[in-house]
Amino acid sequence: MLQKSVFDSAAALPSSQLPPIPAKRYFTIGEVADLCGVRSHVLRYWEQEFSQLSPQKRRGNRRYYQHHEVVLIRKIRSLLYEEGFTISGARNRLDEAPGELRLRDELQAVLQILTN
């Protein structure tokens, strides 16, 4: 009988339950996969789909992600898995002006507080 892997259960986790991002300069693709609850092949695919996501490549074509890219990956994950956006819709949302996006997020947080 097939058992669920760690990644299958991590994909079901809401963003609020993901582990905190450690204070490091660079993260390997495996570390980012664990921190964001997605598999490494998904991260490689997202690199093709989202121009904002471009980790540094070093020896042997190894990927090294910086802190801001891990945050971006979590945002992409949230848009796709929690908010139900398509890849194209998530790409458009990320292309919006940063001020508009921040204001929208703040207004959604206020609305959530008021409705609870």
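Under the convention that each Lys and Arg Cβ holds +1 and each Asp and Glu Cβ holds -1, the size of the dipole of the range 6-115 around its Cα centre is about 660 debye.
Taking 0.36 nm per intervening residue step and subtracting the Cα-Cα distance, what contour gain separates Asn61 from Lys24 on full extension? The partial results should precede the final answer.
On the way: separation 37, 0.36 × 37 = 13.32 nm, distance 2.03 nm.
Result: 11.3 nm gained on full extension.
The order of the peptides 29-42, 46-59, 74-87 by mean Cβ neighbours within 10 Å, most packed first, is 29-42, 74-87, 46-59. Based on the Cβ-Cβ distance from Leu107 to Ser16, what FRET efficiency comes out when R0 is 22 Å, to the nearest 0.05? With R0 = 22 Å, the Cβ-Cβ based efficiency is 0.75.
In order along the range 52-59, phi translates into HN-Hα couplings of 5, 9, 9, x, 6, 10, 10, 2 Hz, rounded to whole numbers, per the Karplus curve 6.51 cos²θ - 1.76 cosθ + 1.60 with θ = phi - 60° and x for Gly and Pro.
Our summary gives the chain a relative contact order of 22 percent, counting only alpha carbon pairs under 8 angstrom and 6 or more residues apart. Between Pro55, Val42, Pro14, the Cα set farthest toward the positive side of the dipole of the chain (charges on each charged residue's Cβ, about the Cα centre) is that of Pro55. Note on the chain: Kirkwood hydrodynamic radius from all Cα pairs is 15.5 Å, rounded to one decimal. Near Pro20, once Lys and Arg are set to +1 and Asp and Glu to -1 for all other residues with Cβ below 15 Å from its Cβ, the sum equals 0.
Readers should treat all values here as calculations from the given coordinates under stated rules, not as data from a laboratory. Everything numeric here is computed off the predicted structure, so don't read it as measured data. Note that each Cβ is placed from the backbone with ideal geometry, even for glycine, and that neighbours are counted across all protein chains shown.
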